[in-house]
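Just below is one structure, and these are the notes that go with it.
Any read-out appearing in this document is the output of simple, stated calculations on the displayed coordinates, not a laboratory observation. Owing to the predicted nature of the structure, the values given are computational and were not obtained by experimental measurement. Here Cβ is always computed from backbone atoms with ideal geometry, including for glycine, and neighbour counts include all displayed protein chains.
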Amino acid sequence: MTPNTTPKAGKKQSTRPSKSSAAPTDAPAQGTGTQTAPSGSSAASAAPQPAPFSLIGRIPVTEVFPVVEDGRWPAKAVVGEVIPIRATVFREGHDRYGATAVLVRPDGSDGPSARMHDIAPGLDRYEASVAPDAPGDWRLRVEGWSDPYATWSHDAGIKVPAGIDVELMLEEGARVLDRAVAVEGRDEEGVKALNDAVWIMRDPSNPVADRLAAGMSDSVQAALERLPLRDHVSPSAEYPPPGGPRARPDRLLV
């Protein structure tokens, strides 16, 4: 026999939920608009992070390559592989400038580096090639810098032939080369080439054209190409940031 469940006439049926159907006591409060992650979750902390913000120096460096997702992931190479490093480098005014690509070793010390060259005239896009020499978690950065020798060479090449500030320009060039001689790491060949040029430039008995030519000689330019005189060095951030994702031990992070 089935019991009759029809409510008696004239008696209002209650709409209040029974205790058994009440919401669990540990449910999140409604209307807060937020949800908390489960306790012990490390998803946020384990997410790869971009390279930290780097202040823009006197010589801005932007759009560094190779960089994956702003440094969240490392680019990869094998030992000895030649890696092209590119960046957009520029400055205000008319003074000349340059850039250097630097690989940072797994222990944090500077590794192979190379002077960069303009590969897209008018777009300020520079490139150099470097090669890691051991496996590990390498990083890279690009340094922009003011080039006092190139600035002097450009100005002197205009003024001296025109007879404008001749002695001033020649002495300025000699002082620039004096500074270049003192750069740490200068090889003996470079030191001799620069000192010989300074001696000729400061000798008033030499023809003006010869004095200028000494300061712009191939040997002087070669010495400064190997190890330039750099002012206002402005490094980019390092990619990928320290402590970022790691690759297999037989790969390089660059």
_Reduced Cα scattering model of the range 88-185, Debye log10 I(q)/I(0), q = 0.10, 0.16 Å⁻¹_ = -0.40, -0.84
*Charge context of A174, other residues only, Cβ under 13 angstrom, K/R +1, D/E -1*: -2
_With +1 on the Cβ of every Lys and Arg and -1 on the Cβ of every Asp and Glu, and nothing else charged, how large is the dipole of the range 151-217 about its Cα centre, in debye rounded to the nearest 20?_
100 debye
*Please report S146, S109, S217, S54 as a ranked list, fewest other C-beta atoms within 10 angstrom at the top and most at the bottom.*
S109, S54, S217, S146
*For the range 134-229, with +1 on Lys and Arg beta carbons and -1 on Asp and Glu, the positive-most of A180, G163, W145 along the dipole*: W145
*Sorted from fewest to most neighbouring beta carbons within 10 Å, what does the list W199, W145 look like?*
W199, W145
*Around R202, what is the net charge, scoring Lys/Arg as +1 and Asp/Glu as -1 over all other residues with Cβ under 15 Å from its Cβ?*
-4
